[in-house]
Each structure stands twice: as structure tokens, then as C-alpha cells.
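The values are calculated or read from the model by the stated rules, or taken from the named source; none is laboratory data. On a predicted model such as this, the values are computed, not experimentally measured, just so you know. FYI the Cβ positions are ideal-geometry reconstructions off the backbone, even for glycines, and counts take in every protein chain you see.
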There are 2 protein chains.
Amino acid sequence: MSETEPRPDSPRRARTRERLMDAAFEVFAEQGLAATSVEQVAEHAGFTRGAFYSNFSTKEELLLALMTRERDRWVASLSERVPAVFPFAAGPPIEAEIGAAVAALLAGPTNHRHAALIQGEFRLLALRDPELARAFEVHRMALEDSLVDIVDDAVSRSGRRLRLDTRSMVRVVVALHQDAVERSILAGAEGDPMESVHLELARLLTAITELR
Amino acid sequence: MSETEPRPDSPRRARTRERLMDAAFEVFAEQGLAATSVEQVAEHAGFTRGAFYSNFSTKEELLLALMTRERDRWVASLSERVPAVFPFAAGPPIEAEIGAAVAALLAGPTNHRHAALIQGEFRLLALRDPELARAFEVHRMALEDSLVDIVDDAVSRSGRRLRLDTRSMVRVVVALHQDAVERSILAGAEGDPMESVHLELARLLTAITELR
DNA sequence: CGTATCCGATACAGGAATGTATCCGCTAAG
DNA sequence: CTTAGCGGATACATTCCTGTATCGGATACG
């Protein structure tokens, strides 16, 4: 019964952690994890380093908390939007429909640029640290499972079949989506960069996914 | 006619640069660019910081030189191996053949883990710095163009057609390959991790690429 | 073999980030 | 309203890294 850290979870504490995560989301995305000092995060949140060290022990711990929060929001958002995005009945099949729908789902509510950068940061860290690799897998799996359910549901409602098992399908879509987003950032897209991304992605998916 | 840096390219100098790049390849891959000090790179190469500052002005400059070198080796290796990897005549089509061949080409001669990590490091940097973004694009394009030529050649020899334009096809393959390699690293694969990667990739490609 | 030159080693100063220890003021509970 | 204690600010010592300036020795060439 030896609790290592019996820190009470006061409402004040929760608010501070929240603000620190908000700050980390921005600063980590803009400068990168390693290039960001603890002080910069705290300052951006309107605190000093004292607040940080009172709530987290390392930058990585903060990043992990942040990723968990984002994932939960993300999956929740997905679950909500599913019905609206898959309106097609069991009627006639339009190949692009599923492509566009999945792309719309993946688009999500968050800042794409920041999300992509932080995701990349997290992945790179996980590729080196087995500890974080496990956390990253949990993260990825939670998303993947949700998507598999969604796609399975939509496909079965359409009364047709994918040419690939659903999980592989989802992995392909996620990988291509990620690549497309990064490509658009690298191209220095202004305005709403996601528009062209989704056009391109839908085109690829139409060719690739073709229902049977 | 004002040369900014008329540094003579002595043989000794070239050797030192080479050793520094070798060291950077390892240390950057293991610790990440930002987490690595100039001293660590120099030391790992058997030098002190003096040698580094005599040859490069920033870590980024070293990384860029490194990536250029790796790309050149990479493309050269590809060009050499093409004939051996595409032995199939205009005869009967085996769908998996092109998938396995492309996978073998992408595998290349280098350390996969390190290559993937450094590539990720470079990409992440490019996503933030427009300067590096351009360099990254050059890098990516050089590889992509080579692959397009290779695939075009192989497909035309087979007397069939891809269900996707070649460039999109290549992008899909590269993106999926990258994803597969990262996935295998994250899974903590021991031994030869590329074996399972290529099996999985070939399976996906078989389903996706199907010649017409 | 001798030598001028180039290149990497060494020394130094400055700056910045980290983690801890301590303190005070705010907050939430009664 | 009062108070106990939590949470964030402040101060400090330490460590590490950077960039430059200078020097001595190896190297390539005649």
C-alpha cells in the first residue's frame, strides 16, 4: 500500500496542468521538444518554472500527458461525427465517397500543422525510447481500433466489401493521410492547406480502395 | 567574382569531413539532432570541436551534407541493382512480383534503423524551417524521380499498365515503406527486422498495385 | 629531406538551462 | 470569515554547451 505520489488532484492543479498542456502543444509544435526549454513552456502558459516542476518531472512526461489528452478528444470527436459523415444508404456506390469520408474524419478538429508536428515529435521519440514506444503504440492502437470500427460499420451498411482487410486498409489510409499532410506543409501551403490534401488523398483512395 | 569561402578542398580535409559525417550518422540517429552536442559528434569521430568548426558552421549544415551524401549513394545503389531485381520478362504476370521487387529496391544497403531515424529527424526539421524544406524537397525529388524511371521501365517491359499514374504509385510505395519500417522499429523487432516488413509491404502492394 | 601551409587541438569567456530548496500568498473547506 | 496547507514564485548552485582566438604539429609538395 505504498503510494509513491499521493498528490491530491485539486481543481486548481487540474487547471494549471491544462494550461501547461495547451502551452506545450503550441511551443513543442513550433520549436520541437528538445529545442524547447522548460522555462519557455511555463512562460507561454503564464507561469514560471516552479509551476512546471510542481506538476511534471520531465518534458517527456508533459508530452505524454498531452498526447493522451489529444487522443481522447480525437476519438470522442470521431465517434460524434461518424453519422454525419457516412450518410450514404445501401444504394449506389460512389467510389470516392468512402475516400472523402475517411479523409474528412481524419481531418478532425485540431490544428493540422501543430498536430502533425507534435505527432512527428512523439513518433521520433518513441523510435528511440522503448518506454515511449509502448505509450505510442497504445496511442496508435486506440485510434486504429476506432477507425476499424467506423469503416467496418460503413462498409457493411453499403452492402459491399473492401479489397483489403479493414485493418490494413485503415493503416494505408492513415499512412497516406500523414504523408499528404506533411507534403502540404513542406510545400508551404497557405490558406486552408487541407483542401488540396483531401483532394489528393481522395483521388488515391478512390483508386486504391475500390469496393468489390 | 567574390568567392565567399575559397577553402581549398585538400584530401585531408575531405577525409575529416567524411569521418564527421560517419559519426553524425550514428550519433544523430541515436540521440537526435537537437539532443546531440557538437562535441559528441566530434568525439565520436575521434576529433575535438576544433575539427568540426573548421569544416562546418552548424549542426544543420553537417546534417545537410550527410543527407546529400546518403542520397547519392542511395540512388547509385538503386541504379546498379535494377537489372537484378527485375528479371521478369514480358511473360506471365505475378502480382506480388513488382511489390517484392520494389520493396527490395527500397531496402537498400544502409542501416535501416539509423536511416529511418535520420530521415525522420530531417523531415521534422524541414517541417519547421522553410530553408531546410527546400533542401528536403530536392532530396525527396531526386529519389522519387529515380524510382519513377525504374518503375516505368519495369512496367513497360512487362507490357501492362498500373492502375495509378507512376508518380502517385511511387509516393504510395515510399510512404507505406516508411510506415512499415517505423512500425517494425516500434515493435522492437530483433534480428533482421526488414524481413517481416517486406512480407507485409509486399502483401499490401499486391492488393493495391495490381497491374491492369 | 626540408619547409610553408593548412588543419585540428587547446584554452577561454560567456550564456543558458536544469533541478532543488525555500518561502509566501492564494484557495478551498469548514 | 477563518485557517491550514497546497501550489506556484523566487533564488541559487551546478553543469553543459557554444563560439572564437590562438597555437603547435602533421602533411603534402618541391
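Picking from residues in the stretch A:149-178 that are among the polar types (S, T, N, Q) and touching a Leu at 6+ places or on another chain (Cβ under 8 Å), the one that is surrounded by the most Cβ atoms within 10 Å (Cβ to Cβ) is A:Ser158.
Scoring A:Ala42 on the criteria (1) near DNA strand D (Cβ under 9 Å from one of its atoms); (2) of a type in the set (A, V, I, L, M); (3) closer than 18 Å to A:Phe136 by Cα leaves a single failure, condition (3).
For the stretch B:172-188, which residues satisfy the criterion of being in a helix (DSSP H, G or I) and at the interface with another protein chain (Cβ under 7 Å from one of its Cβ atoms)? B:Val172, B:Ala175, B:Leu176, B:Asp179, B:Glu182, B:Ile185, B:Leu186, listed by residue number.
Under the condition of being assigned to a loop (DSSP other than H, G, I, E, B) and within 15 Å of B:Arg160 (Cβ to Cβ), which residue from the stretch B:76-102 is modelled with the highest pLDDT? Looking at the filtered set, the residue picked out is B:Phe86. Pairs are defined by a Cβ separation below 9 Å, a sequence spacing of at least 6 or placement on different chains, a first member in the stretch A:125-150 that is away from chain B (no Cβ under 11 Å), and a second member that is outside any helix (DSSP H, G or I); the pairs so defined are A:Ile150/A:Phe86. For the stretch A:27-67, a residue qualifies if it is within 24 Å of A:Ile185 (Cα to Cα) and of a type in the set (Ser, Thr, Tyr), and exactly one does: A:Thr36.
Can you say whether A:Leu105 is under 19 Å from A:Met67 (Cα atoms), buried (at least 21 other Cβ atoms within 10 Å of the Cβ) and modelled with pLDDT of 90 or more, as far as the supplied structure shows? Explain how you work it out, then say what you get.
Details: under 19 Å from A:Met67 (Cα atoms): yes; buried (at least 21 other Cβ atoms within 10 Å of the Cβ): yes; modelled with pLDDT of 90 or more: no.
Spelling it out, it is not the case that A:Leu105 is under 19 Å from A:Met67 (Cα atoms), buried (at least 21 other Cβ atoms within 10 Å of the Cβ) and modelled with pLDDT of 90 or more.
The residues of the stretch A:49-64 that are within 8 Å of DNA strand C (Cβ to nearest atom) and within 14 Å of another protein chain (Cβ to nearest Cβ), listed by number, are A:Thr58, A:Lys59. Evaluated against (1) touching a helix residue (DSSP H, G or I) at 6+ places or on another chain (Cβ under 8 Å); (2) touching a residue at least 12 places away in the same chain (Cβ under 8 Å); (3) away from chain B (no Cβ under 14 Å), A:Asp22 falls short on exactly one condition, (1).
Residue by residue through the stretch A:45-64, note down the ones that are more than 12 Å from DNA strand D (Cβ to nearest atom) and crowded, with 17+ Cβ neighbours inside 10 Å.
Start the filter on the stretch A:45-64 by keeping residues that are more than 12 Å from DNA strand D (Cβ to nearest atom), which leaves A:57-64.
Scanning the stretch A:45-64 gives A:Lys59, A:Leu62, A:Leu63, A:Leu64.
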